[in-house]
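Structure, as structure tokens:
The values are calculated or read from the model by the stated rules, or taken from the named source; none is laboratory data. Given the structure is predicted, the values throughout are model-derived calculations rather than measurements. Cβ coordinates were reconstructed from backbone atoms using ideal geometry, including for glycine residues, and neighbour counts include every protein chain displayed. Heavy atoms of the whole protein, side chains included, go into the accessibility calculation; ligands, DNA and RNA do not. Shrake-Rupley method; radii C 1.70, N 1.55, O 1.52, S 1.80 Å.
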Amino acid sequence: MRNLRGQFRALALAAAIGFAPAAYAADAAIPATPEAGSFKIGIEPWLGYGQWHIAEAKGLFKASGLSDVQIVNFAEDKDINAALASGQLDAANIATHTAMGMVAAGLPVKIVLLLDVSMTADAMIAGKDIASIADLKGKQVAFEEGTTSDILLKYALAKNGMSIADVQPVPMPAADAGSALIAGQVPVAVTYEPYLTAARAQNKDVKLLFTAGEDPGLISDVFVVRDEVIKSRPGQVLAMIKAWDAALKAYKADTPDGRAIISKAVGSSVEDLNTAFDGVRYFSLAENKDALTGEFSTKTFADVEAAAKNAGLLQADVTPEQMIDPAFVKAAQ
């Protein structure tokens, strides 16, 4: 399922958009009551976006004053990107590096909420003969190019003074990378849950060599809203953020129930996703207030940008000031 969060491919669509960027004025009062009308968000089958499904199942959108929230499901990144670019969606749930690609291509959107970060749900795994990143020199590494696995691998190498030129890349789908390691075809693989747990269950010598949690937020997801919507319907944006937080509180109060709702929505079983849930950290409203004006903006953003460029997924500079709008999480509190 995480291969749905791959490389941004709709750059030309962004350039074709007719409306101009319009940020919500920081000193303007955000209305407490949402504007009338529907609010459409794009979503893919990834559990990191799961609190929206809880909000829908438990009536939390209506409790926040929203009369019509439409969750539109997509199977591929390119389709959700195109729908957002053409104005068919008001907002979308996407990976942070994907949001950077959109803005770099000229699509006027803002990050208004940090949804989740991967801690141990994305990782590099290795057998007993590999003890450190330095041991990867000259070794084969299986990973899926253009995805979060690509970003994690190149970040880990750079952090240890190495580059992709120091290893032998073995491109393959993330679903197959763990199996290739178990089969002895490669000594190292980069993948994500549930493939990580499956590989470790099959061979007790397989260990986590490097996880996304080494830099929390490197592999993360954000809620982006089109600038035009931020300007014309700020009350709806504020209500959406409140609904996310209410859903997260419900999830924490009854986690088994929350995981059941999310698992059903993404088309999997709780059993298959439990390890993935355990490896992901959801961000509350209070945590967002600190993150969007703190470490996510001052450190993590630069790390993601550098890693995305290194992986060939981003070709232009972007800045936190250009992309992050913390006004709504501030107003929500």
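Laid out as a table, the results:
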quantity: Out of SER268, SER263, sole residue that is in a loop (DSSP other than H, G, I, E, B), surrounded by fewer than 22 Cβ atoms within 10 Å (Cβ to Cβ) and either at negative phi or in the same structural domain as GLY65 (by the TED database) (or both); calculated: SER268
quantity: Unique residue being of a type outside the set (Ser, Thr, Tyr), touching a residue at least 60 places away in the same chain (Cβ under 8 Å), open to solvent by 50 Å² or more (accessible area, probe 1.4 Å) and not in a strand (DSSP E or B) when the list is ASP205, ASP257; calculated: ASP205
quantity: Total residues in the stretch 54-96, condition part of a helix (DSSP H, G or I) and open to solvent by 10 Å² or more (accessible area, probe 1.4 Å); calculated: 10
quantity: Residue that is nearest to THR300 (Cα to Cα) [pool: residues in the stretch 147-162 that are touching a residue at least 40 places away in the same chain (Cβ under 8 Å) and touching a Lys or Arg at 6+ places or on another chain (Cβ under 9 Å)]; calculated: THR148
quantity: Condition check for SER284: in contact with a helix residue (DSSP H, G or I) (Cβ under 8 Å, 6 or more places away or on another chain) and either on the phi > 0 side of the Ramachandran plot or in the same structural domain as LEU47 (by the TED database) (or both); calculated: yes
quantity: Within the stretch 132-155, considering residues that are among the small types (Gly, Ala, Ser) and at pLDDT 95 or above, the one nearest to MET100 (Cα to Cα); calculated: ALA142
quantity: Hey, ILE111 in a helix (DSSP H, G or I) and either outside the structural domain of TYR49 (by the TED database) or β-branched (Val, Ile, Thr) (or both) or not; calculated: no
quantity: Residue check for THR197: at pLDDT below 95, under 25 Å from ASN73 (Cα atoms) and part of a helix (DSSP H, G or I); calculated: no
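To keep it simple, each residue is scored yes or no on (1) among the hydrophobic types (A, V, I, L, M, F, W, C); (2) open to solvent by 70 Å² or more (accessible area, probe 1.4 Å); (3) touching a residue at least 60 places away in the same chain (Cβ under 8 Å); (4) in the same structural domain as VAL225 (by the TED database).
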| residue | (1), (2), (3), (4) |
| --- | --- |
| ASP290 | no, yes, no, yes |
| ALA307 | yes, no, yes, yes |
| ASN310 | no, yes, yes, yes |
| LEU314 | yes, no, yes, yes |
| PRO320 | no, no, no, yes |
| PHE328 | yes, no, yes, yes |
